[in-house]
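Just below is one structure, and these are the notes that go with it.
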Amino acid sequence: MKHLPALLLLILMSCKSETEKKTNIENGIDPTVVDMWSDFTDANPEFKNGEMPESWFFHNNRKDANRLAQLTLTGKKQASSGLYLWYEEASIDLPEVGTQHIITNFDGKAQAIIEIRKVDTIPFNQIAYGYAELDMGTTIEPLKRWKNAHWDFFAGAMKESGQQPTEEMLVVCEWFETIWPEYK
């Protein structure tokens, strides 16, 4: 009888967790995302009371999203790039150091948790070799590959709003660390 309050508390916590999980699934979040965050907060209780980070995948197609998620898991990909213009158009703040994200594959399955370590805004034509290497996850012509891939990606995205890319367009550069491995 003396353990009844503790038992009731555990049951209540379990129900709350299942309710949160059901709500997230109804909102289109894959259960692996919820499970990964739960595993992470169990191992890192200082994050237990925080909100679950946003989950998303890199790029805009299955092949690249899955490849980039895998490079993030292996630690080869440690940076990400976005257009400053996107932040301006959406009237949102730039990413902040310490922000965490749950990286998924193209199907939304959790792969890793990353934490932003540094953010800078750099003109496209001033992106450095070292940054390109971290973003592309390769040492084989990383700057050339970065410029080609990002020019095409940015051009496609800008075309929708009737704009053209320029060598001087600002790129939001995020350096990150993978802090939690693939969901098993």
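The values are calculated or read from the model by the stated rules, or taken from the named source; none is laboratory data. Keep in mind that this is a model prediction, so the values were computed, not measured. Cβ: placed from backbone, ideal geometry, glycine included. Neighbour counts: every protein chain shown. The accessibility values were calculated without ligands, DNA or RNA, using every heavy atom of the protein model including side chains. Shrake-Rupley method; radii C 1.70, N 1.55, O 1.52, S 1.80 Å.
Taking θ as phi - 60°, what are the ³J(HN,Hα) couplings along region 98-103 by the Karplus curve (6.51, -1.76, 1.60), each to the nearest whole Hz, with x for Gly and Pro?
Once rounded to whole Hz, the list reads x, 5, 10, 9, 9, 8.
Nearest 0.05, what FRET efficiency do GLU177 and TRP151 give at R0 = 22 Å with Cβ-Cβ as r?
So the FRET efficiency works out to roughly 0.25.
Applying the Karplus parametrisation 6.51 cos²θ - 1.76 cosθ + 1.60 with θ = phi - 60° to the phi angles of region 131-148, what ³J(HN,Hα) value in whole Hz is obtained for each residue in order, glycine and proline being reported as x?
For region 131-148, the Karplus-derived couplings read 5, 4, 4, 5, 6, 7, x, 9, 9, 8, 6, x, 5, 4, 5, 4, 4, 5 Hz, x marking Gly and Pro.
At a Förster radius of 35 Å, what calculated FRET efficiency corresponds to the Cβ-Cβ distance of GLN163 and ASP42, to the nearest 0.05? Walk me through the intermediate numbers first.
On the way: r = 45 Å, r/R0 = 1.30.
Using R0 = 35 Å, I get an efficiency of 0.15.
Output ³J(HN,Hα) for region 51-60: one whole-Hz value per residue in order, computed from phi by the Karplus curve 6.51 cos²θ - 1.76 cosθ + 1.60 with θ = phi - 60°, and x for Gly and Pro.
Residue by residue, region 51-60 yields 6, 5, x, 5, 10, 6, 10, 6, 6, 10 Hz.
Mind ranking 50-59, 98-107 by how tightly packed they are, going by the mean number of other C-beta atoms within 10 angstrom, highest first? Mind dumping the intermediate values first?
Working: 50-59: 15.6, 98-107: 18.5.
Descending mean neighbour count gives 98-107, 50-59.
Rank these residues by their accessible area, most exposed first, probe 1.4 Å: PHE153, PHE176.
Putting PHE153, PHE176 in descending order of accessible area: PHE153, PHE176.
Sequence-distant or interchain residues sharing an amide H contact under 5 Å with LEU83, placed H: which?
VAL172
Dividing the convex hull volume of the alpha carbon atoms of region 18-168 by its residue count, what do you get in Å³ per residue?
132 Å³
Taking H placed 1.01 Å from N in the peptide plane, check which residues at least 5 places from GLN78 or on another chain put their amide H under 5 Å from its amide H.
ASP135, GLY137
I'd like to compare 64-72, 126-134: which one has the highest average count of other Cβ atoms within 10 Å, and what's the full order after that?
Those peptides, ordered most packed to least, come out 64-72, 126-134.
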